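**Student:** Take a look at the following structure, please.
Bear in mind that the values in this text are calculations on the coordinates, not laboratory data. Computed from a prediction, not measured in an experiment: that's the story for all the values here. Methodologically, a virtual Cβ is constructed for each residue, glycine included, from the backbone with ideal geometry; neighbour enumeration extends over all protein chains shown.
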Amino acid sequence: MNMEQKAGYNQRQTSGSYSSVFGRELSRSGTDNSLVFVCSLQERPIDARRDLQPEEGRASILVQLPARCNVNQLRLHICMQVQMKNYLPDPLRILDPEKYQLLYIKGGNWYEIYDDCQVLRTLDVEWCREEWGVRMSRIFVAPQREDTEDRQSAQQFLTYLIGHDLSSAAADRLGELNFTRRKFATPRREELQRRDPRAYALEPWTTTAPFLKDQQSQLTRDLLVTFYYKDICLSAKVDITTPACNLMEVFQKLLSENGHKLEYHADNLMLKVCRREEFVSGQSPLSDFLWVRQCLKTMQGLHLSVLLLTSLKKDTVRTEDWPLVDSFTGLSSSHEELTLTTKDVDDILMISLWDCSRNFRVKLLGIDIPQLPSKAPQNIFIEVSILYGNKVVSTICSTPKTFTEEVLWNTWLEFDVPLKTLPRGSRLGFTINSTTLESTTKESKSTGGKATDFQKGKGKALYFVNLLLIDHRSVLRQGLHTLHMWPFPVQEEEVFTYEADKLSSATNPDQANSMAVTFLLDRYSFPVVLPHSTSSPGASSSRKGSDADKVVNEGIASPVSPLSSDAVLRRLKEKSEHYGSNLPQFLRAVNWLKFEDVQDVHWLLRNWDPSDLDVPVALELLSVDFADEQVRKLAVQRLESLSNDEVLKYLLQLVQTLKVEPYHDSFLTRFLIQRALRSKRIGHYLFWYLRSEVTGGPYFRQRLAVVLEAYLLGCGQAMLDSFLRQVQLVECLNKVAINIKRLFPDKSDLPPTAASLLQDMLQNSNLPADFQVPFDPRITAGPILLEKCKVMASKKKPLWLEFSSTDSQGPPVPPVGIIFKHGDDLRQDMLVIQTLMIMDSVWQEKSLDLNLVPYGCISTGHNIGIIEIVRNAVTIAAVQRSRGGTTGAFKNEALFEWLKSRSLLQEIHYQTMERFVTSCAGYCVATYVLGIGDRHNDNIMIMEQGNLFHIDFGHIMGNTKRFLGVNRERVPFVLTPDFLYVMGRVGKKSSLYFHRFTNTCIQAYLALRCHSRLLVTLFSLMLLTGIPELSCAQDMAYLREALQEEHSEEEAGNHFLQQINTCEQLNWTVQTNWWIHMVAGIKG
């Protein structure tokens, strides 16, 4: 029996009492279409956390209404009866949703009937039928809860973590912000009810990637596992295919064999990797654990701490006092129920948008601004556009006017776009442009007020703003509107974000100082809503079967009829497997303003099997090219089958893609929230990806903040405490970095006292005692090691910081090292490193281990971030300086001698050479494909083990660095004489290592070509970040050209061989640049 039944409110059991008490009040006329509500009046607010057995209330009244009525009318009838029977001193308060709630219980949870426009028939309450067939349900009418100190304190805590105060902007109860916050409670509650607390707390870091062919032999070997329990240390060799859950049995057996007794039951214990926040649990074999694979690669044993589960920090979730909202909140009725065709005027409550045949129009009233800008143009005009996704559906320009503080037009602008064709997510965009009076007057007369090439091409954009024409509740905008506009960006870094910013429907919060545009939309006597039904007045229901076969055979779409044809569905299933890769191309050609086309496409999408889509195709369907909700839903359905490991691969892009969504609440948003609540791994990175954007640009701040809030409300207290310490760390280090830059403004030179001044500042900072490192939550850092901290000698003055380890069990580990940077946008570095990791997974699928070093890097705010210090590594410049000062750049043998001095044993030297050759090949291919420029000997590093790797990715997609307008980089990638010398390639002399290098390069390059669609899609999704070097179609064209998409595999292989030859011929230019770099002492 559920909680609702225990409370005695199962309506099927109590319906007899309703009829006996209220039977004489029920009207038997029209009962087939009537609903009856038994409304219990509550004297005090209902606490959704505790009041699962509500009081009987002051009184109960009965309200009978037609099913087509809405919630507002239900409120009105409740108010009338309460007033008539004098149940409350001020019955009119019931009409105000801010003062009184309408609630019901379902499944042991409280639900609020939140949207006053919702049709009663769509309410998700539990209905029962009385003896004459009328449907009846019970609801509770209760005063709204007032804010408590506890709630305000909890909200302030969330505000600090989020970096933005949502409560300050949440005045409108039915506005999109509040509406979305309430609706997100449902998927969050559902996920929490499904969540296994133990699995959530002990989530393992595993991978589904296969073992490399040359590592398959390791699967037959035993792994040395050492267990640490209190002061006991025991070891055993374990089969690497052993399920993780069996390790506890191995430990118990070891204890018994060594005469020890386990005081606790095994179910109360856990296995944690020593000195790491990483657990070994679940059914996965040891070979699937990332740390185990690292141990195998470095030929180390696995060290595990045996700990009590009670030692874990609690994942307690604070129970919300918000009731859930009805699941149909914000959904409209079907067209058939809304159409005016069969209704009397008295029966009309809402109008279907599909009944509105007139063209869309807007009355432009005028603009005003408190103060003109200092360099105001003489004349301006307004460009008004209907936008859908990234497409301009139609544009009209006003006549030009002299630019003053207030400019009036007071004129109607009518678009050649029927109202009924407006899709959900369409926007009305306003752009104020400057122009000259003479030319614009002449042009506007000749074009009838339409946009001209001059106005659109040569007029300078000054301000812009958008309005969603159909709001988040599917209601068409009506009446008078004043929107505060955004100034067009003038700083170079802001210009690059405009392509994303112009998709936003947010308005400028600085209302006192911003430009405002006022306009009027057509008014109707009733709300006009977009029907949720996929049928439409213009959709044909009599397509012939032959037409259906034709459409499916073409691999495009299926007709509206016959929907139930098994043959057509079976044919569609067969075709969808073959045509999935072409789906984006087809959808780009759809006319989304044509009823019949959209209905056919929606039929196709509803019957398409998501599993038939490749992941790159699904990601492409989430790009800015596709605004249709059903298209994006199909893409998300495909992503739902991804493992946590795979979701993490694409999480960076998925967060950016939230900017493309027309509304805060979307299938993608809910997917990200639920996966983050299911996995601490995903949740950690989602937190930082969202927070860094929230603290950056204002255009999507509210949307990303509300997503972050939805996650934080369900992630649990342990995660909240961890995030708190990380945010405190970032804030403290940011203040220190700013002060250091103020003290040492010179671009490169640092006085000898810089380190001691930094250490004093750090000592006086309120740094947390311990914290999980933002770029890798598996690493926990303890107290700071002041003597090891220093200021790095580059223009941004990054801070080199080291922290001690917090764990004492297991073998010692080096200090935790991070570089804190202020003044650089690390999102581009994050993207490159993420792409390197994806490239590495592609290569590993082909059994290529190229020994990359994808170090940790994360943006933690606007132009601030943290980078991992790679141990036992130095720059190539440092190696060259150690072998001859600045002239070391020309000593080809310098690098070889340095590596040889680090690997004196012959066997170790062979391993070092293998790592150097493969890593050099990997980075040559990667830097060429990604067009990474500005490669000098201070941003290429070498590890003592032989791994070569690149850092500091400030120039990508072929955007090379120039000096006095001259391109300094003449080679496609870095392959200098000293690199070739290490491989035994002196002059044109052949060598086995160089032969292995070229073969590895070709294999790696051709492997990437097989995944070119994925790489292009991932980078195209990042166009919305505003990264300067990734902001236009030309950047994508570079990537396609680098991958030789239009050529055969043989031609592509020869192409890369030519690039290697070019590097050999021109590598002297690189040496010269490196020498100049060292002489000038230039730092990045």
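**Student:** Extent of the chain along each principal axis, from alpha carbon coordinates, in Å, largest to smallest?
**Tutor:** Principal-axis extents of the chain (Cα, largest first): 100, 92, 68 Å.
**Student:** From the cross-link list 659/735; 237/314; 375/741; 106/420; 460/633; 363/502, which pairs have alpha carbons spaced over 27 Å apart?
**Tutor:** 659/735; 237/314; 375/741; 106/420; 460/633
**Student:** I would also like to ask the following. Hey, rough spin-label estimate for residue 194 and residue 512, points 7 angstrom out along Cα→Cβ, what's it come to in nanometres?
**Tutor:** Going from the residue 194 label point to the residue 512 one covers 4.8 nm.
**Student:** Between residue 468 and residue 402, what's the calculated FRET efficiency when r is the beta-carbon distance and R0 is 30 Å? Round to 0.05.
**Tutor:** For residue 468 and residue 402, the calculated efficiency is 0.45.
**Student:** Give me the one-decimal nm value for the distance between modelled label points at residue 591 and residue 361, 7 Å along each residue's Cα-to-Cβ direction.
**Tutor:** Here the modelled spin labels are 2.4 nm apart.
**Student:** Among 938, 501, rank each residue by its count of other Cβ atoms within 10 Å, from fewest to most, as a rough exposure measure.
**Tutor:** So the residues, fewest neighbours to most, are 938, 501.
**Student:** With a Förster radius of 30 Å, plug the Cβ-Cβ distance of residue 310 and residue 249 into 1/(1 + (r/R0)^6) and report the FRET value to the nearest 0.05.
**Tutor:** 0.90
**Student:** Would you work out the charge dipole size for segment 196-260 about its Cα centre, treating the Cβ of every Lys and Arg as +1 and the Cβ of every Asp and Glu as -1, and quote it to the nearest 20 debye?
**Tutor:** 80
**Student:** Another one. From the phi of every residue in segment 511-526, what ³J(HN,Hα) in whole Hz does the Karplus formula 6.51 cos²θ - 1.76 cosθ + 1.60 yield, where θ is phi - 60° and glycine or proline is x?
**Tutor:** 5, 6, 10, 9, 5, 10, 10, 10, 8, 10, 9, 3, 9, 10, 6, 9
**Student:** When the chain is fully extended, how far beyond the present Cα-Cα distance does residue 520 get from residue 890, taking 0.36 nm per residue of separation?
**Tutor:** Using 0.36 nm per residue and subtracting the Cα-Cα distance, I get 126.0 nm.
**Student:** Under 16 Å from the 7 Å Cα→Cβ point of residue 907, by amide nitrogen: which residues of segment 289-307?
**Tutor:** Flagged as within label range: 297-301.
**Student:** Follow-up. Quick check: residue separation of residue 757 and residue 646 times 0.36 nm, minus the Cα distance between them. What number comes out in nm?
**Tutor:** 35.5 nm
**Student:** So for 388, 104, fewest C-beta neighbours within 10 Å to most, what's the order?
**Tutor:** Neighbour counts put them in this order, fewest first: 388, 104.
**Student:** Could you list the residues of segment 197-224 with an amide nitrogen less than 19 Å from a label point located 7 Å from the Cα of residue 298 in the Cα-to-C-beta direction?
**Tutor:** In segment 197-224, the label zone of residue 298 (backbone N under 19 Å from the point 7 Å along Cα→Cβ) covers 205-207, 223-224.
**Student:** In addition: Please rank 115, 239, 172, 952, fewest neighbouring Cβ atoms within 10 Å first, as an exposure proxy.
**Tutor:** 172, 239, 952, 115
**Student:** Once the piece of chain linking residue 808 and residue 735 is laid out straight, how much longer is it, given 0.36 nm per residue of separation minus the C-alpha distance between them?
**Tutor:** 23.2 nm
**Student:** Which of the helices in the chain meet the span-like rule: DSSP H, Cα axial reach of 18 Å or more, Kyte-Doolittle mean at least 1.6?
**Tutor:** none
**Student:** So which chymotrypsin sites (Phe, Trp or Tyr not before Pro) in segment 127-174 pass both tests, a DSSP loop state and at most 16 other Cβ atoms within 10 Å of the Cβ?
**Tutor:** Those satisfying the criteria are 127, 132.
**Student:** Using 1/(1 + (r/R0)^6) with R0 = 35 angstrom and r between the beta carbons of residue 478 and residue 607, what's the FRET efficiency to the nearest 0.05?
**Tutor:** Efficiency at R0 = 35 Å is approximately 0.45.
**Student:** Show me the GluC sites (Glu not before Pro) within segment 144-244 that DSSP assigns to loop and that have at most 13 other Cβ atoms within 10 Å of their Cβ.
**Tutor:** Hits after loop and neighbour filter: 146.
**Student:** Long-range amide H contacts for residue 857: which residues qualify at under 5 Å (H placed 1.01 Å from N, peptide plane, sequence gap of 5 or more or a different chain)?
**Tutor:** The list, which skips near neighbours in sequence, is 868.
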